1. Can you tell me which of 131, 110, 175, 157 is among the hydroxyl-bearing types (Ser, Thr, Tyr) and surrounded by fewer than 20 Cβ atoms within 10 Å (Cβ to Cβ)?
2. Out of region 44-88, which residues are outside any loop (DSSP other than H, G, I, E, B) and of a type in the set (Gly, Ala, Ser)?
3. Out of region 134-154, which residues are loosely packed, with under 14 Cβ neighbours inside 10 Å, in contact with a Phe, Trp or Tyr (Cβ under 9 Å, 6 or more places away or on another chain) and under 26 Å from residue 178 (Cα atoms)?
4. Here is a list of conditions, (1) free of Cβ contacts under 8 Å to residues at least 24 places away in the same chain; (2) closer than 30 Å to residue 26 by Cα, and residue 102 meets all of them except one; can you say which number that is?
5. Look through region 1-43, keep the residues that are of a type in the set (Ser, Thr, Tyr) and assigned to a loop (DSSP other than H, G, I, E, B), and return whichever of them is surrounded by the most Cβ atoms within 10 Å (Cβ to Cβ).
6. If you check every pair at least six apart or on different chains, which have Cβ atoms under 7 Å apart with a residue in region 2-23 that is in contact (Cβ under 8 Å) with a residue 40 or more places away in the chain first and a residue that is charged (D, E, K, R) and in a helix (DSSP H, G or I) second?
7. What pairs come up if the first residue lies in region 84-96 and is of a type outside the set (Gly, Ala, Ser), the second is assigned to a helix (DSSP H, G or I), and their beta carbons are under 6 Å apart, counting only those six or more places apart or on different chains?
8. Taking helices (runs of 4 or more DSSP H) that do not extend beyond region 128-197, which have at least 1 residues that are at pLDDT 95 or above and under 28 Å from residue 56 (Cα atoms)?
Amino acid sequence: MGTNLTWHAAAVSKQERADKKAQKPCVIWFTGLSGSGKSTLANALERALFERGHHCYLLDGDNVRQGLNGDLGFTDQDRVENIRRIGEAAKLFVDAGLIIMTAFISPFRTERRLARDVVEADEFIEVHLATSLEVCEERDPKGLYKKARAGEIANFTGIDSVYESPEHPEIVVDTAVNDIGACTEQLVNYLRKNKYI
């Protein structure tokens, strides 16, 4: 990092941006195994919030890896850098007054903690999709588990790379037990109850 840098103070504050949008900006961090329903649920929540007039945006793992993080692989070191960059990007979205959703496996507790620590304490909502490995592997929407089991994909979370479940997530959902509509309602109710929307 450069040493001759100074943070440029904007003429419009984060609070002014949030007030204009009539919402409390935050990061809703979806974490869970591949196939647990992170992207599906994050998409459903974004649609539900958008239809209620809220300003939000979804950063999806596959999409971000096609641009901003296109230079990263799937080694542990690259996964750490992937999440570091996403945490910093999410912080900028929060500063803009948005409700930002991130859908990433983000397998390591330490990196999720770092992402949490770059925003204010009440601006980070960790959502653990606690769908079991068995269910995720049975779904296998992209055929990745099959490839990992065949040795065609290395460092695949849940197979030959660890997934560290959150210890104290704000919300736990299981898409094997509840459908996407019920899970979305659970999230919207949490946001209302805690005055984000």
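The values are calculated or read from the model by the stated rules, or taken from the named source; none is laboratory data. Note that the structure is predicted; figures quoted are calculated from it, not measured. Don't worry about glycine lacking a Cβ; one is built from the backbone with ideal geometry, like all the others, and counts go over all protein chains shown.
1. Only one candidate qualifies: 110.
2. Answer for region 44-88, where residues must be outside any loop (DSSP other than H, G, I, E, B) and of a type in the set (Gly, Ala, Ser): 44, 48, 61, 87.
3. Across region 134-154, the qualifying residue is only 138.
4. (1)
5. So the residue we want is 36.
6. The qualifying pairs are 14/95.
7. Going by the 6 Å Cβ cut-off, the qualifying pairs are 94/123; 95/14.
8. 133-139, 180-193
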